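A short reminder: the numbers here are calculations on the coordinates, not readings from a lab. Computed from a prediction, not measured in an experiment: that's the story for all the values here. Every residue, glycine among them, receives a Cβ derived from its backbone with ideal geometry; neighbour counts consider all protein chains shown.
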């Protein structure tokens, strides 16, 4: 198996799709970091990924919209991001988007 040096960050890596991506990448020799707020998943999934692969992914717990957290996660050898973070239903995503307009406006001002 080829060993890769560049790390892959998986947002939503503890969710169903993200965890499967993590297992596949770890099995293929890629170092993996997971960023997840566990709003649609459980922290025990990260332990299961480690048990399945024999490799422990780095874990960053928090919201993908947290710029400081993203900077910290990306600042540790990450060359690729696989974005799996999201809500489970389109309607739920839309409701959350509408309720976060103040957050989005503050982010635009900070940019």
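Quick notes on this one:
- Least to most buried among 53, 80 (fewest other Cβ within 10 Å first): 80, 53
- Among 42, 36, the ranking by other beta carbons within 10 Å of each residue's beta carbon, starting with the fewest, stands as 42, 36.
- Peptides 63-74, 13-24, ordered by how many other C-beta atoms sit within 10 Å of their residues on average, highest first, read 13-24, 63-74.
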